[in-house]
1. With the requirement that a residue be of a type in the set (Ser, Thr, Tyr), buried (at least 24 other Cβ atoms within 10 Å of the Cβ) and more than 14 Å from the chain's Cα centre (by Cα), what does the stretch 567-601 give you?
2. Of all residues in the stretch 103-137, how many are farther than 15 Å from GLY42 by Cβ, buried (at least 21 other Cβ atoms within 10 Å of the Cβ) and among the polar types (S, T, N, Q)?
3. Given the conditions (1) out of contact with any Lys or Arg (no Cβ under 7 Å at 6 or more places or on another chain); (2) in a strand (DSSP E or B), which single one is not true for THR272?
4. Identify the residue in the stretch 516-554 that is more than 25 Å from LEU326 (Cα to Cα) and aromatic (Phe, Trp, Tyr) and, among all such residues, is farthest from the chain's Cα centre (by Cα).
5. For the stretch 186-216, which residues satisfy the criterion of being buried (at least 17 other Cβ atoms within 10 Å of the Cβ), out of contact with any Phe, Trp or Tyr (no Cβ under 8 Å at 6 or more places or on another chain) and either farther than 17 Å from THR240 by Cα or among the charged types (D, E, K, R) (or both)?
6. Return the residues of the stretch 538-557 that are of a type in the set (A, V, I, L, M, F, W, C) and under 13 Å from ALA496 (Cα atoms); say none if nothing qualifies.
Amino acid sequence: MSVLTPIADGAPSSTFPKRDHPLQPKAISVSDQPIQTNKFYGNLFLEDQKFPSFPQPYTLTWRNNDDGFSGLGISHTEASQYTYGPDASKTPCEFYINPAGLFSLIISANEFSKGNKLSASNSRHFSVQTVLEPSDSSDGNITIPIVAGSAFISAVYKNLTPVFNSSIMVKSLDKSDFSGGSKYKVTLNDNKVWLIYAFPSDSSSFDLKKDSNSKLTASSKFNGLVQICKVPSSSVSDGTGDKTFDKYAGVYATGITLSANVSNDTGEYWFTFDKAGDKSKSPLVYALPHHQSTFGSDTQGSKTGMALQSTVMGVMTAYGADKWHLVEKNLPTDVEFLPIPWNGGNSNNSDNILSTIKSACQNDINFDVESATDTNSMYASGKVFAKYAQVCLVASKVLKDDNLTKTGLDKLKKALQRYVDNKEQFPLNYDQTYKGIISTAGIKTPLADYGNTYYNDHHFHYGYHIYAMAVAGLLDSGWLSDSQNEYVNDLIRDAANPVEDDNNFPFFRSFDWFSGHSWSKGLFASGDGKDEESTSEDYNFYYAMKLWGIVKKDNNIINRANLMLAVIRTSMNDYIYITPDNKIQPEKIRGNYCAGITFMNKVDYTTYFGTDEYLKQGIHMIPITPISGYVRTPSYVKSSWDAKIAPTIKNVLNGWTGVLYSNLAITDPTAAWKEFSSSDFKDSYIDNGASKTWYLALAAGMGASP
């Protein structure tokens with residue numbers, strides 16, 4: 001059964017006033033179609049549009065008489081070209097980054113001599129269409145669909161004279177025989193080999209000459225398709241690269257359509273490639289490592305020998321197929337509201353344990369959640385809501401104490417209602433420009449509330465609110481009227497709308513089905529592309545979404561969340577939760593046990609708020625919930641704890657202490673219980689998004705044996 005079904009129909013709740021966004025996009029028109037804000041091509045319509053896009057394995061950058069170049073620059077760097085730092089002699093080092101400004105070939109035209117302009121359209125989840133035109137004329141253009149994973153960068157010329165520049169310089173240009181079009185082999189000064197194919201759509205010819213060391217020019221105006229690809233170094237000398245690319249040249253992907261089904265604990269999803277050109281052929285598309293490990297047998301058979309390095313996610317391999325079929329098994333179907341043991345054993349709710357939890361709960365239930373959530377931040381309020389919801393959950397479902405539950409639930413519902421009614425300090429609005437739910441905190445100050453108004457971190461922020469609403473609905477289903485349901489549904493639709501033809505919200509704004517996890521950066525241009533820091537708050541959103549599905553008895557939401565959590569588990573354990581045994585990330589960073597901040601062009605073992613070891617590890621733990629042990633496996637938690645946390649944990653005397661020990665509960669719940677139940681464990685060791693009640697219940701639920 002398909003899980004890509006509507007969460008709700010129609011426009012968002014009228015509780016959210018409509019407004020235009022203070023930052024209007026460049027180069028892409030505002031229309032009824034939502035504009036994606038957190039995708040790999042976002043730089044194309046932000047600021048001066050000059051920062052790169054990262055479709056993988058290539059990097060694409062618009063140039064407009066920059067260093068004498070005009071057009072769309074194609075870059076690809078090998079792992080040997082990574083820059084490590086700040087001290088490259090150290091292992092592990094803190095970061096690696098791909099070099100910038102190395103344009104192997106730049107798609108251009110003679111008519112761009114006075115500059116060119118770039119426009120974009122058809123903003124989709126996996127792709128965007130770009131058009132280049134001469135600055136002083138609109139007689140001709142070049143249409144370039146940018147699609148994730150494309151093995152060819154394909155450009156459709158209309159009445160322009162093709163030019164291809166190179167900042168690396170051209171060593172040689174050789175024409176090859178090729179049926180149905182023209183083919184040229186370009187060897188650059190770095191000895192890398194690129195191929196240029198041309199397929200005319202009319203009687204125009206394509207005769208390419210080397211004008212200079214940095215410029216190749218066609219002899220006349222051209223109408224038709226030009227395709228450019230890099231030949232992997234391992235496939236140059238034996239000719240296998242030429243043969244493979246010859247086989248697939250002439251067809252190209254213009255987009256990708258996602259479909260997904262779930263049956264019991266197995267999820268399947270498909271990428272169907274929308275194609276143009278010679279449709280009798282299958283498009284050639286590069287797959288990331290986590291794709292390759294989950295491909296069904298029907299897709300494995302379309303594997304070629306072509307492999308290129310991605311920017312930050314290992315080696316990609318090209319597959320020639322009309323459709324990819326990916327399978328995730330062992331979906332977290334048994335993970336619901338309460339903790340479960342991840343490292344063997346059973347949940348322990350002995351009388352002594354329940355007595356200790358109850359003592360903590362009696363104290364925590366007195367917390368003034370209404371005042372504490374009266375903040376200027378969706379993120380800050382969300383953390384407090386989730387914290388208090390957990391206390392109420394434990395009171396009801398672990399302690400089964402009706403009096404404590406009623407005391408807490410009454411306060412929780414009253415505090416939540418302020419946000420349901422949109423009466424918080426900075427109410428939410430519906431943005432008609434990019435089609436989303438935004439805080440008004442950043443209308444004049446973009447970085448207010450961590451950039452929520454500019455679409456930063458929506459899955460982080462809204463996940464906490466959805467979680468708290470799910471708990472409140474679990475404990476009192478009668479409270480969920482139309483307004484409560486609409487509030488949660490709109491927050492989910494904002495970040496994870498599963499319907500592509502919904503004109504009210506973009507299709508999966510935050511989550512990236514190609515990368516396998518979300519991106520948190522929104523409408524901020526960045527030379528290194530989008531990024532994500534707190535990966536645990538990423539999957540916390542989809543976990544909260546699942547809990548909401550449980551409360552609403554909506555199997556499609558539950559199954560979709562389970563599948564997304566499984567995809568996240570696969571990708572994060574390939575690229576982010578790393579150990580010295582990892583074979584995907586460079587050896588020089590594996591000893592960090594965590595990627596840190598993952599950008600599209602670099603991996604940096606740090607945080608935005610500090611460089612202490614416990615911060616760099618802990619930001620990928622919060623919040624610890626029943627789903628944490630599914631993504632952060634017990635074996636990973638143990639190895640990272642032993643290597644990075646245990647040596648210094650006794651020196652961590654702040655709110656991160658509880659975070660670190662709650663993470664330890666995944667692999668050693670008894671040790672975590674002893675810490676939390678000790679008289680030496682202070683309130684100051686508890687983060688503002690957690691409680692002693694929850695920490696004790698976590699350790700007990702994960703199998704503590706005091």
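1. Result: TYR593, single match.
2. Residues that pass the stated criteria total 3.
3. (1)
4. Checked the stretch 516-554; the qualifying residue farthest from the chain's Cα centre (by Cα) is TRP548.
5. LYS192, PHE199, SER214
6. Hits for the stretch 538-557 are PHE541, ALA544, MET545, ILE557.
Per-residue answers, yes or no, for (1) assigned to a helix (DSSP H, G or I); (2) within 25 Å of the chain's Cα centre (by Cα); (3) free of Cβ contacts under 8 Å to residues at least 24 places away in the same chain; (4) not assigned by TED's automatic domain parsing to the domain that holds MET564:
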{"residue": "HIS291", "(1), (2), (3), (4)": "yes, yes, no, yes"}
{"residue": "THR311", "(1), (2), (3), (4)": "no, yes, no, yes"}
{"residue": "ILE340", "(1), (2), (3), (4)": "no, no, no, yes"}
{"residue": "GLY345", "(1), (2), (3), (4)": "no, no, no, yes"}
{"residue": "THR356", "(1), (2), (3), (4)": "yes, no, no, no"}
{"residue": "PHE367", "(1), (2), (3), (4)": "no, no, no, no"}
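Here is a yes/no grid of residues against (1) aliphatic (A, V, I, L, M); (2) crowded, with 23+ Cβ neighbours inside 10 Å; (3) in a helix (DSSP H, G or I):
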position	(1), (2), (3)
VAL603	yes, yes, no
HIS620	no, yes, no
LYS638	no, no, yes
TRP673	no, yes, yes
PHE676	no, yes, yes
ASP680	no, no, no
TYR695	no, yes, yes
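The values are calculated or read from the model by the stated rules, or taken from the named source; none is laboratory data. It should be emphasised that the depicted structure is a prediction, and the values quoted were computed from it without experimental measurement. Cβ: placed from backbone, ideal geometry, glycine included. Neighbour counts: every protein chain shown.
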